[in-house]
Amino acid sequence: LVAAASLPKLGCLVGAATGSLADAKMDFSWGEATGEFAGPLAGTSVNPRTLKVAPGTLEAGRSYTFTVLGRMASQPELNNSASVTVTCVPQSVEARISGGA
């Protein structure tokens, strides 16, 4: 899962009090709302915008709601969040006979 984020537009604020966002950093925090996910929610990628879910971690027949909070490192009150629900649907079993037609 990858969080997409952009710096806030502060055009309505004028003067030195606004500071510069040109070199501003953003922090990202991942969560899982259903409590079904037992895997790690931090440190899964070099890029904190990315949550990598290891193969075999999600179980068929279950739903997981992943959340991400993005915020400005120097101004955490400037933040927003998003969520996505991932539903794992079981696949049908497919049988084959080696050498069969």
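The values are calculated or read from the model by the stated rules, or taken from the named source; none is laboratory data. Bear in mind that the values here come from a model prediction, so they are computed numbers and not experimental data. Don't worry about glycine lacking a Cβ; one is built from the backbone with ideal geometry, like all the others, and counts go over all protein chains shown. Ligands, DNA and RNA are excluded from the accessible area calculation, which covers all protein heavy atoms including side chains. Shrake-Rupley method; radii C 1.70, N 1.55, O 1.52, S 1.80 Å.
The set of residues from region 53-67 being in a loop (DSSP other than H, G, I, E, B) and either acidic (Asp, Glu) or out of contact with any Gly (no Cβ under 9 Å at 6 or more places or on another chain) (or both) comprises 55, 56, 59, 60, 61, 62.
Listed by first and then second residue, the pairs linking a residue in region 76-95 that is outside any strand (DSSP E or B) to a residue that is acidic (Asp, Glu) and open to solvent by 80 Å² or more (accessible area, probe 1.4 Å), with Cβ atoms under 7 Å apart and 6 or more places separating them unless they lie on different chains, are 88/59. Within region 20-37, if we keep just the residues that are farther than 16 Å from residue 76 by Cβ and either at pLDDT below 95 or outside any strand (DSSP E or B) (or both), the residue that is most open to solvent (accessible area, probe 1.4 Å) turns out to be 23.
If you check 98, 63, which single one turns out to be open to solvent by 70 Å² or more (accessible area, probe 1.4 Å) and either among the hydroxyl-bearing types (Ser, Thr, Tyr) or modelled with pLDDT of 95 or more (or both)?
Just a single option satisfies the conditions, and that option is 98.
Only residues that are in contact with a strand residue (DSSP E or B) (Cβ under 8 Å, 6 or more places away or on another chain) and open to solvent by 70 Å² or more (accessible area, probe 1.4 Å) were counted across region 49-60, and they come to 1.
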